[in-house]
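Quick note: the coordinates plus some simple rules give every number you see, no bench work behind them. None of these values were measured; they are calculated from a predicted model. Neighbour counts run over all protein chains shown; Cβ positions are idealised from the backbone, glycine included.
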Amino acid sequence: MAKIAYTLPVTHVEHYTESYFRFRIKRPRGFRFTSGQFIMLGLMIDDKPVMRAYSMASPHWDEELEFYSIIVQDGELTSRLQHIKVGDEIIMSGKPVGTLTLRSLSGGGKRLFMLSTGTGVAPFTSLIRDEDTYERYDEIYLTQTCRQIKDLQYAQQRIEEAKNCPLVGEDAQKKLHFYGSVTREPYEREGRITDLIESGKLFEDLGISGLNPETDRVMICGSMDMLKDTRVILDAQGLSKGSGHKPAHYMWEKAFTG
Ligand SMILES: Cc1cc2nc3c(=O)[nH]c(=O)nc-3n(C[C@H](O)[C@H](O)[C@H](O)COP(=O)(O)OP(=O)(O)OC[C@H]3O[C@@H](n4cnc5c(N)ncnc54)[C@H](O)[C@@H]3O)c2cc1C
């Protein structure tokens, strides 16, 4: 169990669907992280801490910390977390970690692809408001695959926020592109991202060329199956996976365990 470093009040809660909501908490003084990292957080339940990994969904410079959460109806944490209100207290560990940071990718890339499913979009909504992302890359493509169109709302809102952000807005308007696809209802962009890459539809829809290790860097955050399937495709395109302290063409993190 992670050590509790902070107890922090909730400042904002917004529900999107029966499965997804976001919340913001006060940022502790002196708490530093790199955009894309995650932390352990949770609630005291019956006097015991229940903590889970959560990606910071806000950029490293934000005055508060934002998180985007799943609701698992019988989940130990989120069956309770879904009911939090402004003023309630969240417990949090002190040491952010994670590999989905810009420095885990090798230099020389011009295009950054961030591929996600569901709440796996959270580390990327942090990165799209980080000025370093725009300094390093000329084109940034964020993809999110969900079951239904309504599940894309959070990411769509964050894209708008990035495009209107005083710090990165001008760059985001020129460089940032969002590609949402759904798997459980008819939509103009239907299907898993792996299928959309393999069929070439992703690139056709965006009007860009296919993956190329010379110019492209990729970050992936989704289920273990999604990570494995994506890996097969990226490896076949000649991209190599980074590990630990060895930066490479692509890097991944699982969006949940199980
Ligand atoms: C590195 C990392 C980062 C994470 N970041 C986030 C985040 O930013 N937001 C977030 O909501 N969750 C995130 N998670 C998942 C999170 O840690 C919890 O699993 C989630 O909050 C549910 O907790 P629970 O106790 O209610 O259910 P758990 O007992 O933890 O999970 C029950 C089951 O629900 C499913 N599940 C759990 N989380 C998810 C999810 N996010 N999406 C789809 N299915 C899921 C799995 O099948 C799991 O076995 C992350 C996990 C990891 C490993």
Rounded to whole angstroms and listed largest first, the alpha-carbon spread of the range 6-92 along its three principal axes comes to 33, 29, 22
Quick one: 3J(HN,Hα) in Hz for the range 13-27, Karplus 6.51/-1.76/1.60 with θ = phi - 60°, rounded, Gly and Pro as x.
9, 9, 8, 9, 9, 5, 10, 9, 8, 10, 9, 10, 10, 4, 8
Any chance you could give the angle, 0 to 90 degrees and rounded to 10, that helix 153-163 forms with the longest Cα principal axis of the chain?
70
Among 188, 89, 63, determine the one that fluctuates most according to a GNM of the chain built with springs between C-alpha atoms less than 10 Å apart.
188
Give me, ordered by chain and number, the residues 5 or more places off residue 45 or on other chains with an amide H under 5 Å from its own placed amide H.
50
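Nearest 500 deg cm²/dmol is fine: what mean residue ellipticity at 222 nm does the chain get from its DSSP H runs of n ≥ 4 alone, each adding -39,500 (n - 2.57), divided by its residue count?
Details: 8 runs with 60 residues, N = 258.
Taken over the chain, the calculation gives -6000 deg cm²/dmol.
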For a paramagnetic label modelled at 7 Å from the Cα of residue 110 toward its Cβ, which residues of the range 185-211 fall within the zone defined by backbone nitrogen distances under 11 Å?
209
Dipole of the range 6-92 [Lys/Arg +1, Asp/Glu -1 at C-beta], most positive-end residue of 60, 82, 23:
60
Name the most mobile residue of 96, 186, 247, meaning the one with the largest mean-square fluctuation, in a Gaussian network model of the chain with Cα contacts below 10 Å.
186
Could you calculate the contour length gain from residue 3 to residue 205, that is, 0.36 nm times the residue separation minus the distance between their Cα atoms, to one decimal place in nm?
68.1 nm
The range 53-123 - charge dipole about Cα centre, Lys and Arg +1 at Cβ, Asp and Glu -1, debye rounded to 20
500
Apply the Karplus parameterisation 6.51 cos²θ - 1.76 cosθ + 1.60, with θ equal to phi minus 60°, to every residue of the range 194-211 and state each ³J(HN,Hα) to the nearest whole Hz, in sequence, with x for glycine and proline.
4, 5, 5, 6, 4, 6, x, 4, 4, 6, 4, 4, 8, x, 10, 7, x, 5
Find the centroid of the Cα atoms in the range 1-73 and in the range 189-224, then give the distance between the two in whole Å.
30
Cα extents of the chain along the three principal axes, largest first (Å)
53, 40, 34
Residue-wise HN-Hα coupling along the range 34-50, computed from phi with Karplus coefficients 6.51, -1.76, 1.60 (Hz; x: Gly, Pro):
9, 3, x, 7, 10, 9, 9, 9, x, 9, 7, 10, 6, 6, 10, x, 10
What FRET efficiency do you get for residue 85 and residue 32 if R0 is 22 Å and r is their Cβ-Cβ distance, rounded to the nearest 0.05?
0.20
Taking the simple approach of a point 7 Å from Cα along Cα-to-Cβ for both residue 103 and residue 156, what is their distance in nm?
3.7
Gain in length, residue 188 to residue 236, computed as 0.36 nm per residue apart minus the alpha-carbon separation, to one decimal in nm?
14.6 nm
Calculate the radius of gyration of the Cα atoms of the range 78-230 to one decimal place, then report Dmax, the largest Cα-Cα distance, as a whole number, both in Å.
16.2, 49
Separation between the residue 64 and residue 131 pseudo-spin-labels, each 7 Å from Cα along Cα→Cβ, expressed in nm?
2.4
The set of residues whose placed amide H lies less than 5 Å from the amide H of residue 27, leaving out same-chain residues fewer than 5 positions away, is 65
Neighbour-count ranking for 199, 79 (other C-beta within 10 angstrom, fewest to most) reads 199, 79
Using Cα springs under 10 Å in a Gaussian network model of the chain, which residue among 47, 195, 216 shows the largest mean-square fluctuation?
47
